[in-house]
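Worksheet: the structure to be examined is printed underneath.
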Amino acid sequence: MLKLIKEKLSSGMGRDVVWTFSIQLLIMLCSFAINKLLASRLSMEDFGQYNVIKRSVQVLSFVMLAGVGIALPRYIPLYRNSNPPRRIAPLMNASFIYIIGVSLVVFLVCMLFSKQMEDIIIGQSDNLQLLIVALAYAFTLAMSQYVFAYYRGIGNFKWYNGTQLAIQLLIIMPLILLPILTVWHVFIAWLIITTILVTCLAGWELRGKWPSLFTLQPSIFTTLIKYSSGRLVADFFQFSLAAFPLIYISNIQGLQTTAYFSVGIFFVTMVTPIFSFMGIILLPYVSQALARSEMATANRLIKRLAITYIGASLLFISVIYIFTELLTILLFSSDYVVTKDLTRIMILSILPQAVYMLYRNTIDAVSVIPFNAIFLGICLGVMVIGFILSTTLTHYAWVYLAVSTLQGLLAWGAWTLLSKK
């Protein structure tokens, strides 16, 4: 058994798993530090607004990314393992142009309906400057995901994870060093830092490759748009599921209540990235297996991972449930201890969300049909209806759990059917 484990870990995929898991844990620790600093230095209302903007920016950035974050890790391995191998420069250029076009549309729509978007994106009216900063930061995050998707597609998981960790470490610095900290200062500092780092990474990857910038193939646009458009909708639904609860509660019950509800969401989202790390590797791995007709091997791996995910998620739920009060004080402050019962309901969502994160990338690897977009659209609709019918934070928490359970069941059912083919 030890020999088998050693062989697995020393394989190419094994090294990628160990590296990704280790760095993603460090990134998770950075998110703890960021959350603690913001909860301590911002007022409760400012902290509530920060969470609204953060979730809104995540939605906007993945709309601007236009599904390219999934398309590149799928098509780069397919191109490189085709017979004969195909060049990826036209694919990268088409993806970049596609992102720019979608981002311009998003920006224009937000400017045309700026009054309404201010309430939705930043949680208050008459603050156009903060709205523009949020849009600019969302675009910068989209470009960073474009670079990360390239690293993921070529199988360079050291750079994929290392650059993400670098960004997390750098954005902690202004939270420590700035003498006065407001929501405005946070997002301006993050915008500047992320822009500089992404520009440096893109410049490094393009060194000596400038002629490839002008390589375009119209047929790739058709392929990219056909595959990515459904994933764009899926990304929008995915991050709307994350953003909608806080946006809705901030408009219905105020920013302080939003801050309370964000505690439960934080405990869920601090754990789920651990489960997403394997999906990071699975999408290019399954795409490569598909190109090489090795799906039986990939399917066996996924079955074993499902058992591991279930066991690990139950362990995390148990630990957080037992130490809810202590963890709340450590990661937030004693003012948020009143949310412990709410948190204990919401952390049950870790199990179905872990199941979803395992299967979503494998589904995208084997199917052009955007099943995830369909499932997430159903879940978002259920969440909207559930929140409208709810009146208390406890009701919202149960709706959140129910939607997460539905999300996991749909993904599991789809992969069960697809894997038989």
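The values are calculated or read from the model by the stated rules, or taken from the named source; none is laboratory data. Since the structure is predicted, the reported quantities are computational estimates derived from the model, not experimental observations. Note that each Cβ is placed from the backbone with ideal geometry, even for glycine, and that neighbours are counted across all protein chains shown. Accessible surface areas use protein heavy atoms only, side chains included; no ligands, DNA or RNA. Shrake-Rupley method; radii C 1.70, N 1.55, O 1.52, S 1.80 Å.
Return the residues of the range 337-369 that are open to solvent by 10 Å² or more (accessible area, probe 1.4 Å) and under 24 Å from GLU325 (Cβ atoms); say none if nothing qualifies.
VAL337, VAL338, LYS340, ASP341, LEU342, ARG344, ILE345, LEU348, LEU351, GLN353
For the structure I just gave you, tell me whether ALA149 is among the small types (Gly, Ala, Ser), crowded, with 19+ Cβ neighbours inside 10 Å and in contact with a helix residue (DSSP H, G or I) (Cβ under 9 Å, 6 or more places away or on another chain).
Yes.
Can you tell me which condition SER390 does not meet? The list is (1) of a type outside the set (A, V, I, L, M); (2) under 15 Å from TYR248 (Cβ atoms); (3) over 23 Å from the mean Cα position of the chain (by Cα); (4) surrounded by fewer than 17 Cβ atoms within 10 Å (Cβ to Cβ), and all the others hold.
Only one criterion is unmet by SER390, namely (4).
Taking the range 80-96, which residues are loosely packed, with under 13 Cβ neighbours inside 10 Å and in contact (Cβ under 8 Å) with a residue 40 or more places away in the chain?
SER82, ARG87
Yes or no: ILE307 touching a residue at least 24 places away in the same chain (Cβ under 8 Å), of a type in the set (A, V, I, L, M) and in a helix (DSSP H, G or I)?
So ILE307 fails the test.
Counting only residues that are of a type in the set (Phe, Trp, Tyr), give me the helices (runs of 4 or more DSSP H) lying completely in the range 336-421 with at least 3 of them.
Correct list: 371-389, 393-419.
If you take the residues of the range 171-183 that are over 23 Å from the mean Cα position of the chain (by Cα) and in contact (Cβ under 8 Å) with a residue 24 or more places away in the chain, which of them is least open to solvent (accessible area, probe 1.4 Å)?
The residue in question is LEU181.
May I ask you to list pairs of residues, at least six apart or on different chains, whose Cβ atoms are under 8 Å apart, with the first in the range 17-33 being within 17 Å of ILE171 (Cα to Cα) and the second being open to solvent by 70 Å² or more (accessible area, probe 1.4 Å) and in a helix (DSSP H, G or I)?
Taking only residues 6 or more apart or on different chains, the pairs are CYS30/LEU169.
Return yes when TYR396 is aromatic (Phe, Trp, Tyr) and under 17 Å from PHE239 (Cα atoms) and no when it is not.
So TYR396 fails the test.
Please state which one of PRO245, PRO179, PRO174 is in a helix (DSSP H, G or I), of a type outside the set (Ser, Thr, Tyr) and farther than 30 Å from ALA402 by Cα.
Being in a helix (DSSP H, G or I), of a type outside the set (Ser, Thr, Tyr) and farther than 30 Å from ALA402 by Cα holds for just one of PRO245, PRO179, PRO174, which is PRO174.
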